[in-house]
Amino acid sequence: MLKITKENKQEAAKIFAANPTVQNLFVNNKSEFFTSRNLAENSVSKPKEEVTEILRSSVDTDVSEETPEEETKATVNSKPPVAKPATKKPPVAKPTTAKPPVKVSAPVKDKAEEAQEPTPVEDNAGETQEPKA
């Protein structure tokens, strides 16, 4: 089991002060703090030796001994980031001045031209033969 250092107790006191609903913390040998035992144990290779629990009742949560700079750092880092409301309107699509596409079709043959053109004939073998004139 990991021994709790003075620095770990001080950091735990800051976390407890900033988060009144948290009743226990878990710290690993890298001085990383967790509110979940599972996450703390998964952060190290030997959980029984490298993780320990710190209870709120075992730490003095009065952080008045800190310097103002440390106090500010503790409160800034422990608050989740707040999303800013969107102030800009999304861009509006501008109408285009492009002309609509022109539909191109094949030239139209009149019925007299169609009657004059011979149509290919298929024989029994599936080959196309030119019609006889």
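We did not get these values from a lab; they are worked out from the coordinates using the rules stated. Keep in mind it's a predicted model, so treat the numbers as computed, not measured. Cβ placement follows ideal geometry from the backbone for every residue including glycine, while neighbour counts extend to all protein chains displayed.
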A correct Karplus calculation of ³J(HN,Hα) over segment 26-38, with 6.51 cos²θ - 1.76 cosθ + 1.60, θ = phi - 60°, whole Hz and x for Gly and Pro, returns 10, 10, 9, 5, 9, 6, 9, 9, 9, 9, 10, 4, 4
Could you pull out which residues in segment 28-59 have an amide N less than 11 Å from a spot 7 Å beyond the Cα of GLU7, following the Cα-Cβ vector?
30-32
